[in-house]
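None of the figures in this text is laboratory data; all of them are computed from the coordinates on show. This is a predicted model, so every value here is computed, not measured. When we count neighbours, we look across all protein chains shown, and the Cβ atoms used for this are built from the backbone with ideal geometry, even at glycine.
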Amino acid sequence: MHAISYADWSGAEYRAALRCIATGRVANGGKIALLAQRLAALYAPSSVYPVNFGHTAIRMALALFAQRTSGSGRTEVVIPRYICPSVVQSVQGAGLTPVMAGVGTDLNLTAESVQAVLGPRTLAVIAPHMFGCPADIGAIERVCRAAGVWLIDDAAQVVGIARDGRQLGTFGDIGIVSFAQSKTVVAGVRGAGGLLLVNNHELDAPLRAQWQALAPARGRLHALVFFLFNHVWKRRAGNIGYYFTRMAGMLGFHPRQYDENAKISNLDAALALAQLGRLEPLKKARIAVVEAYQRALAAVPGVTMPQYAPGRYLARVMVALPPHVDVAALRARLKVLGVETRTGYPAPAGNSGDDAWMGRLVGLPFRAGMDKEEVDQVCGLLRQALESTSQIGKSANEAH
């Protein structure tokens, strides 16, 4: 099976986890401060505060923005039309109104699309780098600065990637990073960690005080076991993770709710540090896999990788299927052929015309260790699945 990979882990990550568990340092410990110190050098001169979720950082930032502009009537937050639902939930949870702006063929906001929706009620803009593809964040920063609105540089999916000589996450007033599954640095799922980056030093004192008052995240051992069985080891463990979860529920053990604001746990900080120790070779290997996919996809008619550019790092390989394809049928056929896929985020409501292709995005297997032969096999099976589903669709149409 050519499986979806959620984390590129080595022995270093497992050793880091075992040390935390063996010493009882799962929630609290010195790895939290060590992680902040390590990343302060990367993101300087921004202040770095490790938290449990990327959207914890968004919530903290939006709350402060709203407080700073109280009474101004600014209650709208500009976000892309194509976006992770948790960002929408974070905006709405802060009592604010999301306003959708268009995205380019790279799935990112543009300066022009942001400018088009700014108004007197605009409080802030959240600009992600979708699936690790760098947005033109410098141009968006200039638009926000001229309009007097706050900017959150949402670098949730990337670490150590620069644009215009600056690290993604350091543009605008606030930056965020996530360590959840399928990101550049992965510590797990369900609140596995992230960063609040304070780029506007006028905001540093209140946010530092808020962060210092947070407790480290709890329930992380359960979350780690869930992640290992349901994601990292799924190919070998099968449905064991599902049965463990069911059994735990029958015995009265229920997973914690991980949505509260918290610092990163010591366990997740240790895992993130282990990943950071391998960051450069991981990035280099993933770029090589992206290049291999671009070459192999040339033999698959009608399929493109819209976020590709030579030498560009991507956190996922997302391909756009031809307009006539039944996405669900194609994914089912690929599963039979031994290729696991995933969809992207929900396509914009009423996605027609220029947005229709977003509903045809499919994620292919992608990990640092993939070689050219495996990439070629995946693309060959994709072509085979496209041909077979097209024939089925053609036969069905002829029958009518």
- In whole Å, what three semi-axes, largest first, describe the equivalent ellipsoid of region 279-399 built from its Cα gyration tensor (square root of 5 times each eigenvalue)? 26, 17, 12
- Query: Given 0.36 nm per residue, what is the gain on full extension from V225 to L279 after removing their alpha carbon distance, in nm?
  - Reply: 17.1 nm
- Message: So for each of 138-151, 164-177 I average, over its residues, the number of other beta carbons within 10 Å; can you give me the resulting order with the highest mean first?
- Response: 164-177, 138-151
- Nitroxide proxy distance, nm - points 7 Å out along Cα→Cβ at T75 and S10: 5.2
- Task: Give, in nm to one decimal, the length gained when the segment between Q384 and T304 is fully stretched (0.36 nm per residue of separation minus the Cα-Cα distance).
- Result: 27.2 nm
- When DSSP assigns beta bridges and you keep just the ones with both residues in the chain, what percent turn out antiparallel, to the nearest 5? 50
- Query: Assuming R0 = 35 Å, what is the FRET efficiency of T97 and E374, from their Cβ-Cβ distance, to the nearest 0.05?
  - Reply: 0.20
- Query: Which entries of K183/K284; K284/K335; K31/K283 show an alpha-carbon separation above 21 angstrom in the structure shown?
  - Reply: K284/K335; K31/K283
- region 72-209 shape via C-alpha gyration tensor axes, a/c threshold 1.5: rounded
- Query: Measuring from label point to label point, each 7 Å out along Cα→Cβ, what is the V336 to R295 span in nm?
  - Reply: 3.2
- Message: Treating only the Cα positions of the chain as identical point scatterers, give the base-10 log of I(q)/I(0) from the Debye formula at each q in 0.08, 0.14 Å⁻¹.
- Response: -0.44, -1.30
